Amino acid sequence: MTTARPHAAEPSGPDPAPAAPSGSPLGRFLARAAALTALLTAAGALLGLVRDQTIAHLFGAGSGTDAFLVAWTLPEMAATLLIEDAMALLLVPAFSLALSRRAAAEAPTDPVRDLVAATLPRLLLVLGAATTLLVLAAPLLVSTLAPGLDEPGLAVDCTRLTALTVLAFGVAGYFSAALRAHRSFAPPAAIYAAYNLAIIATVILCHTVLGVRAAALGVALGGGLMALVQLPFVLRHLTARRRRARRPADPAARPTLLGAALLAPVILFCVGRQSQVLIERYLASSLPAGAISHLNYAQKVAQMPMVLSLMICTVTFPVVARAMADGAAEQARRRVERDLHLAAVVVLLGAAYVLACAPQIIQLLFQRGAFGPEDTAATASVMRVYAAGLLGHSLVGALVRPFFSAARPTWYPALAMAAGMAVTVAAGAWTAPHFGIHGIAAANAAGITLTAALLLYGLGSRVIPLDVRRMVSGLVRLLATAAVAALAAWSVARLCPGPLTAASAGGAALLAAFAGAGLLLRAPEVAGPVAAGLRRAARKAAPGPVAPTTTRPPETDR
C-alpha cells in the first residue's frame, strides 16, 4: 500500500482526501460545491418529477406513452454516453491532466486549448453524422427496440425528433466535463433543470396540436438549452487566462488520452450500462399496453436517490483524477473509500423509503387525470422491486470513475458490465413471461448488483489499493441499517390515513430508525455523525454553569 504524502508536498494544493481537515481550503470548497450541486440537482430532479407528472396527467400510461418512451430511449442512451458517463470519464481526466501540465508549465502552448482544438471539431463532425444517420434510420430503430409496439408510426415520428439530442447532448457533455475539470460545478448541475423546463413548457403549449409528439419536441429543444446555459462559462474559462506566445505546439504535448485505445473500453462500458433500459423495453414491448410506461415511471422515481448519491462522486471525481494524474494514489484511495460509503448512505436511505412508502409516493406524484388507481398499484409494486438494485446502480456509477482516471485504459469495467448484462438478459427472458414487469425489474437488479460486486473487487486489486473486506463489511452494516429503517417506516405508514400523512410519518420514522440502527450497528458515515450529535445535545442539556466561550483550540485549554 502506498504511503500518503505530506500535504505540503502536493503541487495541486491541500490534500483532497477526506481525512483532510474540514477547514482546509479544498475541504471548504468541496463542501460548498457539494451543497450547490445538491441544490441544483434536487431542482432538476424536482422538475423531472413535474415533467413526468405532466406527461402522465395528459397522456396516462397507454400505447401513446409507450411509443414516446421507446423514442425517449435514444436520449436516455445519449445522456449516459455523452453527458454523465463516457464523455465525463474520458474528458475530465484529460482536462485534469492538461490543467496539471499547464500548472507545471510543461508545454510551449496552453495544453487546455490544445486539447479543445484537437477534440471539439472532430467531436462535432462525428455527432452531426450520427444524428443524421439516426433520423434516417428511425423506422429500423423502432422495429428493433420494440417489435411488439401498438403504435410504431407514432414512435418513429417521436424518434426522429429525439434523435436531435445526440448532437446537443454531445456538446453539453463536452462543456460539462471541461467545467468540472476546472472545478466549476454550478453550470453542469443546472443543465437538467433547463432540460426539464423546456420539456414541460413544450408539452403544455403544444399537446393539443401535436399530442405526445409535443413531449418529443420538448426533449429536442431541451437538449439544445443544456448546451446554451453552459456556453458563457466555458468561454470565460478558455479566454480568461493570459494568452501565451503563439509557437508551434510540441507534438509530444498533444493530447493522447482520447485515442481509440481508451475510447473503446469506455464507450462499451457505457453502452452496456444503458443497454439495461433497452433490454427492459424490448422485453416489455410484448406485454400488455402500459407495461413500458409503468416500468418507466417506477424507474424514474426509484432512481432519484441514486442520482443524489452520485452527485458526491461528481464533485470529487476531478479531485480523484487530479490526484491520480499527480501520482497521489493514497489520497485517491482515501477519497474513493469515503465517497463509496457516503453514496451508499444516501442511496440506501432512498431505497428504504421506496420500499416502505411506494404506493403513497406514486399516488401523491401521479394519480390524477389519465393516470388511475390501477396504474398507481402497478407502478408502486414494480418500484419496490427496482429498489433492490439501487445500491448496485449507485456503486457502479461511483466505482467506475477511478478505473478511467488511470493513465492507461482498462477493459475490466466493460467486461464486468457484460457479465451483468448477461445475467439481466437471461433472467429477464425467463421471468418476463411468468412475472411480467416485476420479473424484468428483478433481472435488472440482479445484473447490476453483479456488476457492482465485480467492479469493487477489481478496483481494489487493479487500480487503487482499497481495503475491499473493510468496504464490504461497511456496506453490509449499512444494508442492515436500511432494512431496519424500512421496516420501521412501513409499520408507521400503514397505520396512517391518507397518502400525504403516511408518506410524511413514514419518512420521519425512517430517519429516526436509520440513525438509531446505524449507531448500534456502527455503520460507516452514520454512527460517527449520530454519536457526535448526541454528545452535543447532551452537553447543551446538562445542568451547571455555562463554560466561557473561547476561540482557542480545545487542546490549549489545559
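Please enumerate the residues belonging to segment 457-494 that are modelled with pLDDT of 90 or more and among the aromatic types (Phe, Trp, Tyr).
TRP490
Mind checking which residues of segment 389-412 are touching a Pro at 6+ places or on another chain (Cβ under 7 Å) and crowded, with 24+ Cβ neighbours inside 10 Å?
Pass one, segment 389-412, residues touching a Pro at 6+ places or on another chain (Cβ under 7 Å): 390, 400, 403-405, 409-411.
Passing the criteria: LEU390, VAL400, PHE403, PHE404, SER405.
Among all residue pairs at least 6 apart or on different chains, which show Cβ distances below 6 Å where the first residue, located in segment 374-388, is open to solvent by 30 Å² or more (accessible area, probe 1.4 Å) and the second is at pLDDT 90 or above?
Qualifying pairs under 6 Å: ARG384/LEU355; ARG384/ALA358; VAL385/HIS438; VAL385/ALA441; VAL385/ALA442; ALA388/ALA445.
With respect to ALA523, is the statement that it is outside any helix (DSSP H, G or I), modelled with pLDDT under 95, farther than 22 Å from GLU330 by Cα and aliphatic (A, V, I, L, M) true?
Values: outside any helix (DSSP H, G or I): yes; modelled with pLDDT under 95: yes; farther than 22 Å from GLU330 by Cα: yes; aliphatic (A, V, I, L, M): yes.
So ALA523 passes the test.
Exactly one of (1) more than 19 Å from LEU278 (Cβ to Cβ); (2) free of Cβ contacts under 8 Å to residues at least 24 places away in the same chain; (3) open to solvent by 50 Å² or more (accessible area, probe 1.4 Å) is unmet by GLY460. Its number?
(3)
Take the residues in segment 208-217 that are on the phi < 0 side of the Ramachandran plot and more than 30 Å from the chain's Cα centre (by Cα); name whichever of them is surrounded by the most Cβ atoms within 10 Å (Cβ to Cβ).
In the first step, residues of segment 208-217 are kept if they are on the phi < 0 side of the Ramachandran plot; the result is 208-210, 212-217.
So of that shortlist, the ones also more than 30 Å from the chain's Cα centre (by Cα) come out as 208-210.
Working: THR208: 9, VAL209: 8, LEU210: 18.
Per the stated criteria, the residue is LEU210.
Hey, any hits in segment 440-456 for a residue that's of a type in the set (Ser, Thr, Tyr), modelled with pLDDT of 90 or more, open to solvent by 20 Å² or more (accessible area, probe 1.4 Å) and not in a loop (DSSP other than H, G, I, E, B)? Show your work before the answer.
Within segment 440-456, the subset of a type in the set (Ser, Thr, Tyr) is 449, 451.
Then keep just the ones that are modelled with pLDDT of 90 or more; that gives 449, 451.
Filter again for open to solvent by 20 Å² or more (accessible area, probe 1.4 Å), leaving 449.
Retained after the next criterion (residues that are not in a loop (DSSP other than H, G, I, E, B)): 449.
Among the residues of segment 440-456, at least one is of a type in the set (Ser, Thr, Tyr), modelled with pLDDT of 90 or more, open to solvent by 20 Å² or more (accessible area, probe 1.4 Å) and not in a loop (DSSP other than H, G, I, E, B), which makes the answer yes.
Can you find a residue in segment 264-271 that is surrounded by 13 or more Cβ atoms within 10 Å (Cβ to Cβ), at pLDDT 90 or above, touching a Pro at 6+ places or on another chain (Cβ under 6 Å) and assigned to a helix (DSSP H, G or I)? So that I can check it myself, show each step before the final result.
Step one: list which residues in segment 264-271 are surrounded by 13 or more Cβ atoms within 10 Å (Cβ to Cβ), which gives 264-271.
Then drop every residue that is not at pLDDT 90 or above, which leaves none.
No - not one qualifying residue is present in segment 264-271.
Does ALA137 satisfy the condition of being under 30 Å from ALA289 (Cα atoms), aliphatic (A, V, I, L, M) and open to solvent by 20 Å² or more (accessible area, probe 1.4 Å)?
Numbers: under 30 Å from ALA289 (Cα atoms): yes; aliphatic (A, V, I, L, M): yes; open to solvent by 20 Å² or more (accessible area, probe 1.4 Å): yes.
Considered against the rule, which asks whether it is under 30 Å from ALA289 (Cα atoms), aliphatic (A, V, I, L, M) and open to solvent by 20 Å² or more (accessible area, probe 1.4 Å), ALA137 comes out as yes.
Considering each residue of segment 172-224, count those that are part of a helix (DSSP H, G or I) and of a type in the set (Lys, Arg), and give that number.
2
The values are calculated or read from the model by the stated rules, or taken from the named source; none is laboratory data. Here the structure is a predicted model, which means the values were calculated and not measured. So basically every Cβ, Gly included, is an ideal-geometry build from the backbone, and we count neighbours across all protein chains shown. Note: areas computed on protein heavy atoms with side chains; ligands, DNA, RNA excluded. Shrake-Rupley method; radii C 1.70, N 1.55, O 1.52, S 1.80 Å.
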